[in-house]
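J.: Handing you a structure now.
Any read-out appearing in this document is the output of simple, stated calculations on the displayed coordinates, not a laboratory observation. Source: prediction; values computed, not measured. As a convention, Cβ positions derive from the backbone with ideal geometry for all residues, glycine included, and neighbour counts pool all protein chains shown.
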Amino acid sequence: MKRKRNQRHNFQKFFTLVKNDNNKSNAKAVCICCSQKVAGGLAVAQVIPRCFTSNKAKLCQNHLASCENFKASYSEEEIFEILSCSVPEDFKKKKNDNEDIYNEDSISTTSSTSSFRQQSITTYCARPMSVNDKPTFECLLLRMLVSNGLPFTFLENEDMQAVFNFILPGICLPNRKAIGGRVLKKNAKSLKKNITDIAKKDIDGVTVTFDGWTNVKAEHIWGIVLITSHGQPLIWGAYDISGKASRTENVFQYIKNLMVETNKVGINIKAFVSDSAGEYTAAHKQLRIEFSNKIFLPCMVHQMNLVFGDIFKENALYKQTSAEAIRIVSYFNKLPYFTGNLRDEQLRIYDKTVSLLSPGDTKWNNGVPNKTPNNTSKKRNGERKLPDDIADIINDNNFWSTLFELQNLLYPLCEFLNKLQKDAASLYEVTHCFAYVTKIFNEHLDQEFSEKMVERMEKCWKQWEQPLLILSVVLHPSYKLSKFHTSISNLSLTNLGKWLKYYYEAWFGSKPRTVLAEFVQYIKELDPYDDNSFTQFQGRLVDFWEFTSGIGPELAKIAIRIHGICVNFASVERLWSSMGYLHTNRRNRLKSNKVLAMVQIRSDIFYNRNIRNAKNGEKKIRQLHIATPIPEEESDNDSDDNDNQIIVDEEEENLERNSDNENEPVTKEDEKCWDSIITEWINSAEHENQFDNVDDENLFSDELNNFDLGGHTLHPADDDSAKWSLVSLFTSNLESPTFLNRDNKFADE
């Protein structure tokens, strides 16, 4: 059969084929990247030896591997993927290669010693590793170690090296000092540059979240995470501040230094978010006066967490019912006989098993004896009897009705927490959540409990910058003014326009000229502010307002600034979780800057993985900003238990079977654990905004208020005339947020 000329291969799209007078069999392959860089284009490039080669796959691959113009046109990942394409010449060569016999005397099974036959390296590698491939290979090794939490000494493990040598005989792996030093430093520097570039591209500005943490070496670390307007978290830094006390003046200086640091590299900061610690609150109060173009907010997730403590503080019946529920769960979890019966019933009714979980750390009682002698429950006719106290709880109808009532109360709060802990949680979502929770408490049947919880919500709401939160609802095209009572005198279009003018001047440094006219157009739902236009953006508020900036530029600038603010610091908590995952007792010699570099790499890996999964349809888009779960630290006491399966210790079961008197499990420890959690919630609520230092409390005083901007002598967060009651502000028929399936998911049927 006649041989076809110029057969296509995987690299041909990067070359232009021209007639080769010196080789009739193969055309001349001129590199497209070279021809674009050379003056004269293709006509000149085809006569320059370094710009062309013969149309052979292997030769074309080698040319691309050494071509500087090609490397300048593509990213490292794209280059690696292109050069990894198969080469027909390699497959043909395999047929003629001699097979090497590789006998491994040390590898054996229980029955006999096995010998392994390994083919030549071309069987496993499509091309030899070039000098340019080495940095890519080292980067992949580093990412593998960091993403799995493996120590750098893993590369020096003999068994691990045996795996690599089996796949690629003769491969030279970097040692732990190289991977943890040179390679980590290089990748951290590159990643820091990428983080800076991404933050700089956010023209409207990023949100800064920060908090303190104590690591395994008892160093006090101050962590900073930047969040873009589209919700991408960027780990900026973690600084050791062990030698400085947690004082307002120190926090004040930290934030100022951060402003200077980010300003030098061209990053704009629009908002700061932290928890409600006294020193942070006092610093915010002073900083928002000095820097009126910045927004300072508390963490809304922390505020919602405090509500849980108030529920159990103000209602003793709820606290008692929750403790009794913990007792039942603890009892069934620790007694295989009744747990087995429960499992059988679950399989019969639900066709699956569901584990009963106790609160807190599930490993707290690993070293505590699970059972103590108790003669209150005896075997009768081969059957076992529940203890009287457990049976009384289970048979109490009031217990179950109260438990379902508590469940229906806590469920929306938990859903709100899940929503607010996302990096893309917006101000309007926070406002809607708090308004709806207040409505739930206001409609509670227990009048005394209702009044106390509403009072708690109002107290929290009063501390916030309410005009900003109200505008976040008004500037949502699906909300506008529909959520508010129409009878509120100081919430007219005139009042809202006053705040629009103030924020425009405060944030952008000039007086607005057309914002009021644009706002009237928006309220009237004139094109492009109509529902049909907004629906086409599928809820992406920032994109919608960027689209409308051609019609209403001033109103769009305010809306983009408001809807681009993230209102929690869950990313900082994930930063601490990742640092704790990597910086363990076994790796306590790691320095904080090295741990930070590893955490930045780990965060980048997981974020890009979520992006790829979403694009491939493996996850929904709304899952992009959900916190990546941090695997628990490995422990010698860990088991391979399945969450949907109840494992019964065989020795323990035999002891029970042969015992005349059944040992009852201890449930008091679980009850104490739950009680300590509730106590911690209550104490957190009581100590909110409290100061450990008199100077910090003085800085929080209104006497230091020296504010004058846009006709306002008080900052909106401090102005009593800019305060509204949650109960009277929102309509009585306020519906639940869209992320709740229905108002009462667990309602009795």
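J.: For the stretch 12-94, take N as its residue count and report Rg(C-alpha) divided by 2.2 N^0.38 Å.
T.: On the way: Rg = 12.9 Å, N = 83, 2.2 N^0.38 = 11.8 Å.
In units of the globular-protein estimate, the stretch 12-94 measures up at 1.10.
J.: Further, regarding this structure: Each residue of the stretch 153-160 in order: what ³J(HN,Hα) in whole Hz does its phi give by Karplus 6.51 cos²θ - 1.76 cosθ + 1.60, θ = phi - 60°, with x for Gly and Pro?
T.: Per residue, the Karplus-derived 3J(HN,Hα) values read 5, 4, 5, 9, 6, 5, 5, 5 Hz.
J.: Taking the stretch 160-201 on its own, what percent of its Cα-Cα pair distances exceed 16 Å? It would help to have the intermediate numbers written out before the result.
T.: On the way: 488 of 861 pairs.
So the portion of pairs separated by more than 16 Å is 57 percent.
J.: Let's test the formula: R0 of 22 Å, r as the Cβ-Cβ distance of E78 and A614. What FRET efficiency results, to the nearest 0.05? Mind dumping the intermediate values first?
T.: Details: r = 21 Å, r/R0 = 0.94.
Plugging the Cβ-Cβ distance into 1/(1 + (r/R0)^6) gives 0.60.
J.: Pop out the ³J(HN,Hα) list for the stretch 430-435 in order, Karplus 6.51 cos²θ - 1.76 cosθ + 1.60 with θ = phi - 60°, rounded to Hz; leave Gly and Pro as x.
T.: So the Karplus estimates, Gly and Pro as x, are 4, 4, 5, 4, 5, 5 Hz.
J.: Arranged by the count of other C-beta atoms within 10 angstrom, fewest first, what order do E448, E158, E669 take? Walk me through the numbers on the way to the answer.
T.: Working: E448 10, E158 7, E669 15.
Fewest to most other Cβ atoms nearby, the residues stand as E158, E448, E669.
J.: Near the amide H of W236, under 5 Å away, which other amide H atoms are found, from residues 5 or more places off or on another chain, if H is placed in the peptide plane?
T.: I224, V225, L226
J.: Could you work out how far the C-alpha centroid of the stretch 301-343 sits from that of the stretch 133-208, in angstrom?
T.: 44
J.: Right, here's the next one. Which ordering of L714, L471 is given by a fewest-first count of other beta-carbon atoms within 10 Å? Could you put the intermediate results ahead of the total?
T.: Numbers: L714 16, L471 21.
Starting with the residue having the fewest Cβ neighbours, the order is L714, L471.
J.: Students often get this wrong, so check it: of K501/K524; K28/K186; K480/K615, which have C-alpha atoms separated by over 28 Å?
T.: Values: K501/K524 19 Å; K28/K186 39 Å; K480/K615 32 Å.
Beyond 28 Å between Cα atoms: K28/K186; K480/K615.
J.: Here is a further query. Expected output is a single nm value to one decimal: the length gained when fully extending between Q161 and F547, i.e. 0.36 nm times separation in residues minus the C-alpha distance. What is it?
T.: On the way: separation 386, 0.36 × 386 = 138.96 nm, distance 5.52 nm.
Taking 0.36 nm per residue and subtracting the Cα distance, the gain is 133.4 nm.
J.: Taking R0 as 45 Å, what's the FRET efficiency between N397 and Q463 from their Cβ-Cβ distance, rounded to 0.05?
T.: Details: r = 42 Å, r/R0 = 0.92.
Taking R0 as 45 Å, the efficiency between N397 and Q463 is 0.60.
J.: Order these by the 10 Å Cβ neighbour count, fewest first: E279, E546.
T.: Details: E279 24, E546 16.
The fewest-first ordering by Cβ neighbours comes to E546, E279.
J.: Per residue of the stretch 577-589, what does 6.51 cos²θ - 1.76 cosθ + 1.60 with θ = phi - 60° give for ³J(HN,Hα)? Whole Hz please, x for Gly and Pro, Karplus curve as stated.
T.: With coefficients 6.51, -1.76 and 1.60, one gets 4, 5, 5, x, 5, 8, 9, 9, 4, 6, 10, 6, 8 Hz.
J.: Can you flag which of K37/K71; K200/K591; K419/K594; K244/K294; K452/K668; K313/K334 are past 22 Å Cα-Cα?
T.: Numbers: K37/K71 12 Å; K200/K591 28 Å; K419/K594 32 Å; K244/K294 26 Å; K452/K668 30 Å; K313/K334 29 Å.
Among K37/K71; K200/K591; K419/K594; K244/K294; K452/K668; K313/K334, the Cα-Cα distance tops 22 Å for K200/K591; K419/K594; K244/K294; K452/K668; K313/K334.
J.: Also: So for the stretch 171-263, what percent of the C-alpha to C-alpha distances run longer than 16 Å? If you can, show how the numbers build up before the last one.
T.: Values: 2784 of 4278 pairs.
Here the tail beyond 16 Å accounts for 65 percent of pairs.
J.: Here is a further query. Non-local amide H neighbours of C299 (under 5 Å, H modeled in plane, Pro and chain starts lacking H): which ones?
T.: S274, D275, S276
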